[in-house]
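Below is a structure I'd like to ask you about.
The values are calculated or read from the model by the stated rules, or taken from the named source; none is laboratory data. Remember, it's a predicted structure, so these values are computed and weren't measured experimentally. Cβ sites come from the backbone with ideal geometry, for glycine too, and all protein chains shown count toward neighbours.
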Amino acid sequence: MASAGPGNGIQAQGVSYAGVPGDALQKVGQFVQGIMNHQHQQTVGKATPSKGEVIHYAAQQYGVPVALMLAVAKNESGFRNSATSPVGAQGMFQLMPGTAKGLGVDPANPVENIMGGAMYLSQLLKQFHSIPAAIAAYNAGPGAVQKYRGIPPFAETRAYVNNVMAAYQKLLKTYPLQATSRENGNF
C-alpha cells in the first residue's frame, strides 16, 4: 500500500518516489487498472497519464526501483513505445511475444508494455536477488543466467548490463532509494 511520504512523494515496498504526489499516482493507477482489466470504458474521458507517470505507478505496484525501470527503458528502446527488434521484441520494454503472453499483457499496448516490463523485472529480481543478474536475465533470458550461474559470457549481454547499471547509478541521484538492502543491488 502506498502512502504519502516526504516531499508529498510516494513510498512503497522500500522504494521512494520523490516528486509524484499521491493523488496523481492514484489517478494513474485507476487509468492503468482500467487498461489492464480491459475495461476501456473506465478510461474514456480521463486524461491519459504520461509515460513517466505510468512507469512510476508500475514501479510502485511491483516493487521495482524507478531508476531501474527508467534505465531499462532507456537502454531497451530509448523510451519509444513503437520500438521493435529484429527478433520480435516490442514496445518500450522490448517484451518478446512469449514473455508478454506469460505475463498476460499486450506488448503493443504502451501501458501494458510498461506494466509487463515492471512485472518481469520484479520476477527476475526475486529470482536472482541481484540487479546485475536480473538485468542479464532480462537481456539473455533466465536460463542463460542459471546456466552460467551469473552474467553470461556473451559480449552483448555484458555490454547491456554495464550500460543499464551505469544509467541506473546516474538515475539513483534523481530517484534515490530509501535506506534498505536494495541500495546495494541485492533483493
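Mind checking whether some residue in the stretch 80-94 is in a helix (DSSP H, G or I) and buried (at least 21 other Cβ atoms within 10 Å of the Cβ)? Break it down into steps so the answer makes sense when it comes.
So the first thing to find is which residues in the stretch 80-94 are in a helix (DSSP H, G or I), and the list is none.
Taking every residue of the stretch 80-94 in turn, none turns out to be in a helix (DSSP H, G or I) and buried (at least 21 other Cβ atoms within 10 Å of the Cβ).
Shifting gears a bit: Of the residues 90, 94, which single one is modelled with pLDDT of 95 or more, polar (S, T, N, Q) and in contact with a strand residue (DSSP E or B) (Cβ under 8 Å, 6 or more places away or on another chain)?
90
Look at the stretch 131-187 and say how many of its residues are at pLDDT 95 or above, surrounded by 13 or more Cβ atoms within 10 Å (Cβ to Cβ) and part of a loop (DSSP other than H, G, I, E, B).
5
In the stretch 113-130, which residue that is crowded, with 24+ Cβ neighbours inside 10 Å and touching a residue at least 40 places away in the same chain (Cβ under 8 Å) is nearest to residue 149 (Cα to Cα)?
Selected residue: 125.
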